[in-house]
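Comments concern the structure below.
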């Protein structure tokens with residue numbers, strides 16, 4: 001087994017994401033095939049914050065017998081982290097590692113971590129970003145993230161087979177360089193994904209990426225359901241006279257239901273609003289001719305997303321600040 005460690009420059013992100021990254025481990029693996037039962041680990045690469053610096057650690061299995069020690073070394077690195085961040089890792093990397101760990105009776109419980117799969121995040125934007133596919137290299141190119149490595153998965157298998165026949169360092173170095181860039185670019189990909197959302201609310205231990213399509217009005221109720229990232233320890237429920245809110249830690253989902261006042265007449269076919277005095281909101285987009293204490297949420301066919309965001313922000317900050 002070969003262990004490589006390298007300190008890297010600080011990750012360029014906003015202060016809130018940086019705090020999240022310090023609690024995270026970015027993971028990517030290379031394997032001899034897709035079968036969790038019959039294939040084996042070639043390498044595990046991890047990016048994480050340790051001793052006030054970011055570093056990348058790579059574990060290379062020279063031979064099949066290295067797998068148990070590699071998994072134990074991996075388990076020891078991740079044990080203090082809260083978040084596991086991958087690209088398509090929920091479908092491949094993590095189940096693969098779990099299966100291999102079970103084979104050697106090594107207890108690795110990924111359910112104790114909050115898992116962030118950047119591939120799953122991007123699926124929601126596949127029509128917006130209009131790429132040929134959602135492969136990591138394609139996404140890196142879309143976000144103008146540089147990659148020096150040009151190898152494919154097939155190339156990695158060929159190199160590993162060659163290494164087994166003749167364990168030359170140049171073979172292992174090429175494999176590890178490929179796996180290194182897969183992980184090194186993940187924080188950049190995550191930063192870029194956050195720019196795709198319509199809004200993002202950051203608190204100390206809660207990030208709420210918001211797409212406007214996750215906001216709707218039904219039966220005079222403003223309904224919101226957002227995927228969130230949080231290390232809050234338990235579910236949170238708030239039943240207020242002005243709203244209901246539920247935070248599910250297991251699902252990492254925040255739901256809100258906000259009752260709206262409703263008005264229509266011969267000239268106005270639909271006007272949904274809230275009273276600013278009930279929420280203590282002073283800055284909002286008003287409509288000429290409408291009382292100044294009424295915050296427009298929907299006027300005829302137009303949704304006032306800036307006003308909706310002021311309401312959501314007010315509720316979130318009241319409960320989680």
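Observations
- Summed over qualifying helices (DSSP H, 4 residues or more, each -39500 (n - 2.57)) and divided by its residue number, the chain shows a 222 nm mean residue ellipticity of -9500 deg cm²/dmol.
- Between 0 and 90°, nearest 10: helix 169-184 axis offset from the chain longest Cα axis: 10
- Principal semi-axes in Å for segment 46-193 [√(5λ), Cα gyration tensor, largest first]: 25, 21, 15
- Put a dot 7 Å past the Cα of residue 129, heading toward its Cβ, do the same for residue 282, and the two dots end up 4.1 nm apart.
- Helix 153-165 vs. the chain, principal-axis angle (Cα, 0 to 90°, nearest 10): 20
- For the options 202, 171, 263, a Gaussian network treatment of the chain with springs between C-alpha atoms closer than 10 Å singles out 263 as fluctuating the most.
- Two-site FRET efficiency, residue 265 against residue 203, from Cβ-Cβ distance with R₀ of 56 Å, rounded to 0.05: 0.85
- Distance in nm between pseudo-label sites at residue 99 and residue 232 (7 Å out along the Cβ direction from Cα): 3.7
- Separation of alpha-carbon centers, segment 67-129 and segment 241-312, rounded to whole Å: 40
- Reference-scaled alpha-carbon Rg (2.2 N^0.38 Å with N residues) for segment 199-320: 1.09
- Ranked by the mean number of other Cβ atoms within 10 Å of their residues, highest first, the peptides 98-104, 183-189 fall in the order 183-189, 98-104.
- Residue among 297, 268, 156 with the largest mean-square fluctuation in a Gaussian network model of the chain, springs linking Cα atoms under 10 Å: 268
- Ascending count of other beta-carbon atoms within 10 Å, so fewest first, for 85, 175: 175, 85
- For the chain, the longest principal axis of the C-alpha atoms and the axis of helix 305-320 are separated by about 70°.
- Between 109, 18, 301, the Gaussian network model of the chain with springs among Cα atoms under 10 angstrom shows the greatest mean-square fluctuation at 301.
- For the listed peptides 110-117, 26-33, 7-14, a ranking on the average number of other beta carbons within 10 Å per residue, highest first, reads 26-33, 110-117, 7-14.
Just so you know, all these numbers are worked out from the coordinates, no wet-lab data involved. Note that the coordinates shown come from a computational prediction; the quantities given were computed from them, not determined experimentally. We place every Cβ from the backbone using ideal geometry, glycine too, and count neighbours over all the protein chains shown.
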